[in-house]
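Enquirer: Sharing a structure here in structure tokens format.
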């Protein structure tokens, strides 16, 4: 919504979706931050907007579908503090009230649409079996120290690599398992797997901003200095070794 023409077109589309569907889903992706999505329009019908941040267990195209199904299960009388909603095979979702510091950093499109400085919002939180380390507790005030995955919202890019750099990884790594294989394939593309990469099923592979993995495990930092085509490996207890070598004694 930078220039007047783009802003008017975006607002017209939001208004049309609110009229037709009751709300608009705004998806934000790109750059070095995790993706997220939030609603615009539920403030009038439910008294608050919804946001889902990170949640890379799910593929990006699943996020709006999840929001649609959750909204269908809500009413103005719903007590979101205690409500859980099951969304088919994607698990159950609960809600956390969002601290306004997150609203002001992530939900700018909604604030611009309503022409307000802050608003009430609820975070959609996946259950434990679908939880990933990129999901912040948005009930707490934003903090780079508490939520390092999201620190670039308010800080300059901290790594000596392009801001759009990505990592192809697996759900195990995103859920806290130790990354044991790293390869750099392009100037802005890595592979980082927990376990042997050939054993990772296709449906467990994800493409994420590399900053997510670097933020949750600083032992991965040597990966940013790899030459293109070079790699590192380790097991559950060893330090990094260059590909093509045996473990250091």
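Enquirer: So which of 135, 168 ends up being in contact with a strand residue (DSSP E or B) (Cβ under 8 Å, 6 or more places away or on another chain) and surrounded by 22 or more Cβ atoms within 10 Å (Cβ to Cβ)?
Expert: On inspection, the qualifying residue turns out to be 135.
Enquirer: Does segment 134-154 hold any residues that are within 16 Å of residue 98 (Cβ to Cβ) and not in a loop (DSSP other than H, G, I, E, B), and which are they?
Expert: The answer is 150, 153.
Enquirer: Restricted to segment 105-116, and to residues that are free of Cβ contacts under 8 Å to residues at least 60 places away in the same chain and not in a helix (DSSP H, G or I), which residue is surrounded by the most Cβ atoms within 10 Å (Cβ to Cβ)? Even if it seems obvious, please write down each step before you answer.
Expert: Quick first cut of segment 105-116, residues free of Cβ contacts under 8 Å to residues at least 60 places away in the same chain only: 105, 108, 111, 115-116.
Remaining after also requiring not in a helix (DSSP H, G or I): 115-116.
Working: 115: 6, 116: 11.
Here the answer is 116.
Enquirer: Let me ask something else about it. If you scan segment 117-133, which residues turn out to be assigned to a loop (DSSP other than H, G, I, E, B), touching a residue at least 24 places away in the same chain (Cβ under 8 Å) and under 20 Å from residue 39 (Cβ atoms)?
Expert: Within segment 117-133, 119, 120 qualify.
Enquirer: May I pose another question? With the condition being more than 21 Å from the chain's Cα centre (by Cα) and under 26 Å from residue 31 (Cβ atoms), I'd like the strands (runs of 3 or more DSSP E) fully within segment 186-249 carrying at least 1 qualifying residues. Lay out the reasoning, then the answer.
Expert: Details: elements: 189-193, 205-209, 231-233.
Fully inside segment 186-249 and qualifying: 231-233.
Enquirer: In segment 155-176, what residues are touching a helix residue (DSSP H, G or I) at 6+ places or on another chain (Cβ under 9 Å) and not in a strand (DSSP E or B)?
Expert: 157, 158, 159, 160, 161, 163, 165, 171, 172, 173, 174, 176, listed by residue number.
Enquirer: For residue 160, which of the numbered conditions (1) in contact (Cβ under 8 Å) with a residue 60 or more places away in the chain; (2) within 14 Å of residue 212 (Cβ to Cβ); (3) outside the structural domain of residue 213 (by TED's automatic domain parsing) fails to hold?
Expert: (2)
Enquirer: I need a count of the residues in segment 30-73 that are free of Cβ contacts under 8 Å to residues at least 60 places away in the same chain, touching a strand residue (DSSP E or B) at 6+ places or on another chain (Cβ under 8 Å) and on the phi < 0 side of the Ramachandran plot.
Expert: 13
The values are calculated or read from the model by the stated rules, or taken from the named source; none is laboratory data. The structure presented is a predicted model; accordingly, all values stated were derived computationally and were not measured. All Cβ positions, even for glycine, are placed from backbone atoms using ideal geometry, and neighbour counts span all protein chains on display.
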